[in-house]
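Notes follow once the structure below has been shown.
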Amino acid sequence: LYKFVDICGKTATIESFGVDESDIYDEWLKTTIRKSGAYKGEVGLSESAQNIRKRIVTTFFNWCILDRKWIEKTDFKLKQSSPPKVIKLITPIQFQRLLDCEDNEYLRSYYKLAWNCGLRRKEINPTELFEDPNMGWCLLVPETKGRSTVERSVPIPENNIVDWYNVKEKMYSLGHITHQFRKACKKADVYEPYITTFHTLRHSYATLKCVEGMHLMELAQYLGHTTTKTTEKYAQAKSGYYAMLRKEKQDGVFVN
């Protein structure tokens, strides 16, 4: 919001904002120089970054109109764009290569819990291990991505239980996990800025389960989705995942 005020004028009143101001701000988003990240120095923010900033400003205007009733209406509008859908997946062979390039046993355990259990980065540390009479060994996930959802249980393969104990021993910070994962991806030659992230392991888990034929309702429960709407995106990524596997086979690195 501070940057928006700087660009559109500190002395302007809220009710005076209209199409001209939205055009000015939209142009700034498209032409400003990126100051950080993998594409530092390039002209124009990414479409995702532009949309985030537009949502912040739009939310503020809606708050002024609907909640605080400072103004009745405004012609100010920021139209969000639709970035092209990118397949965020890591194949089994890529994942094995990533593990081979990670020297830290405890970090490998974090990666394996995300890959084999579909956990978010934030969810791994607080998990608790227990044995369910119907599902076998499971992880209780008490915390999720800042949402008020109920606790959920996720099956954990028995050979990954040692990884859970490794996590409980170290309890790495989220920033450390992210930084080291990026380094491992670069060493394994699978890194793509903003595409190959720790969260991509969760995407890969979900898509692999769809490939294996898991029902969307069951998968949604394991992932902590309140509806299958979000889960369906992983099912739709199956064709892209198959294409990645075919490419591995053509490159001579696919192993049956």
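For a quick check of your reading of the filter: which chymotrypsin sites (Phe, Trp or Tyr not before Pro) in the range 19-79 sit in a DSSP loop and have no more than 14 other Cβ atoms within 10 Å?
Values: sites: Tyr25, Trp28, Tyr39, Phe60, Phe61, Trp63, Trp70, Phe76; in loops: Tyr39, Trp70, Phe76.
Those that pass, being in a loop and sparsely packed, are Tyr39, Trp70.
HN-Hα J couplings of the range 41-54 from phi, Karplus 6.51/-1.76/1.60, θ = phi - 60°, integer Hz, Gly and Pro as x?
Karplus-based 3J(HN,Hα) across the range 41-54 equals x, 6, 8, x, 6, 5, 4, 5, 5, 4, 5, 4, 5, 5 Hz.
Go through the range 6-20 residue by residue and turn each phi into a ³J(HN,Hα) via Karplus (6.51, -1.76, 1.60, θ = phi - 60°); whole Hz please, and just put x for glycine and proline.
Calculated HN-Hα couplings, in order: 4, 6, 9, x, 6, 9, 6, 8, 4, 5, 8, 6, x, 4, 4 Hz.
Test of the criteria: in the range 4-62, which trypsin sites (Lys or Arg not before Pro) are in a DSSP loop and have at most 15 other Cβ atoms within 10 angstrom of their Cβ?
Details: sites: Lys10, Lys30, Arg34, Lys35, Lys40, Arg53, Lys54, Arg55; in loops: Lys10, Arg34, Lys35, Lys40.
Loop-located and lightly packed - Lys10, Arg34, Lys35, Lys40.
Largest first and in whole Å, what are the equivalent-ellipsoid semi-axes of the chain based on the Cα gyration tensor, each being the root of 5 times an eigenvalue?
For the chain, the semi-axes come out at 40, 23, 18 Å.
Could you tell me what a quarter of the Cα convex hull surface of the range 1-98 works out to, in nm² with one decimal place?
8.8
Tell me, what ³J(HN,Hα) does each residue in the range 170-186 have, in order and in whole Hz, if you take phi through Karplus 6.51 cos²θ - 1.76 cosθ + 1.60 with θ = phi - 60° and put x for Gly and Pro?
Per residue, the Karplus-derived 3J(HN,Hα) values read 9, 6, 5, 6, 4, x, 5, 4, 4, 4, 6, 5, 4, 4, 5, 4, 5 Hz.
Quick one: length gained pulling Val86 to Glu232 fully straight, 0.36 nm per residue minus the C-alpha distance? Don't skip to the end; give the middle numbers.
Numbers: separation 146, 0.36 × 146 = 52.56 nm, distance 1.51 nm.
51.0 nm is the gain from fully extending Val86 to Glu232.
Decide, for the range 164-256, between rounded, prolate and oblate: order the square roots of the alpha carbon gyration tensor eigenvalues as a ≥ b ≥ c, take rounded if a/c falls under 1.5, and otherwise choose prolate if a/b is larger than b/c, else oblate. If you can, show how the numbers build up before the last one.
Values: a/c = 1.95, a/b = 1.09, b/c = 1.79.
Cα axes put the range 164-256 in the oblate bin.
Stretched out fully, how many nm does the piece from Ile56 to Phe130 gain, at 0.36 nm a residue minus the Cα gap?
Details: separation 74, 0.36 × 74 = 26.64 nm, distance 4.12 nm.
Result for the pair: 22.5 nm of gain on full extension.
What FRET efficiency comes out for the pair Gln221/Asp103, r = Cβ-Cβ distance, R0 = 41 Å, nearest 0.05? Working shown, then result.
Working: r = 35 Å, r/R0 = 0.86.
It comes out at approximately 0.70.
Taking 21 Å as the cut-off for C-alpha to C-alpha distance, list the pairs among Lys3/Lys35; Lys3/Lys73; Lys183/Lys247; Lys122/Lys170; Lys35/Lys187 that go past it.
Table pairs above 21 Å Cα-Cα are Lys3/Lys73; Lys183/Lys247; Lys35/Lys187.
What's the magnitude of the charge dipole for the range 1-148 around its Cα centre, counting Lys and Arg as +1 and Asp and Glu as -1 at the beta-carbon? Answer in Debye, nearest 20.
The dipole magnitude comes to about 240 debye.
Pick from Asn125, Asn116, Asn104 the residue whose mean-square fluctuation is largest in a GNM of the chain, springs joining Cα atoms under 10 Å.
Highest fluctuation among the options: Asn104.
Could you tell me the relative contact order of the chain? Use alpha-carbon pairs under 8 Å, at least six residues apart, and round to a whole percent.
17
Take His199, His179, His225 and sort them by solvent-accessible surface of the protein heavy atoms, 1.4 Å probe, largest at the top.
His179, His199, His225
Please report the Cα spread of the range 100-200 along all three principal axes, rounded to whole Å, starting with the longest.
So the three principal-axis extents are 42, 30, 21 Å.
Suppose only helical runs count, i.e. DSSP H with n ≥ 4. What mean residue ellipticity at 222 nm does that imply for the chain under -39500 (n - 2.57) per run, divided by all residues and rounded to the nearest 500 deg cm²/dmol?
Details: 12 runs with 129 residues, N = 256.
-15000 deg cm²/dmol, from helical runs alone.
Using alpha-carbon positions, what is the distance between the centroids of the range 188-215 and the range 1-45, in Å?
34
Of the GluC sites (Glu not before Pro) in the range 145-246, which ones lie in a loop per DSSP and count no more than 15 other C-beta atoms within 10 Å?
Taking the range 145-246 and a limit of 15 other Cβ atoms within 10 Å, the loop GluC sites (Glu not before Pro) found are Glu151, Glu212.
The values are calculated or read from the model by the stated rules, or taken from the named source; none is laboratory data. Not measured: the values here are computed from a predicted model. As a convention, Cβ positions derive from the backbone with ideal geometry for all residues, glycine included, and neighbour counts pool all protein chains shown. With ligands, DNA and RNA removed, areas are computed over all heavy atoms of the protein, side chains included. Shrake-Rupley method; radii C 1.70, N 1.55, O 1.52, S 1.80 Å.
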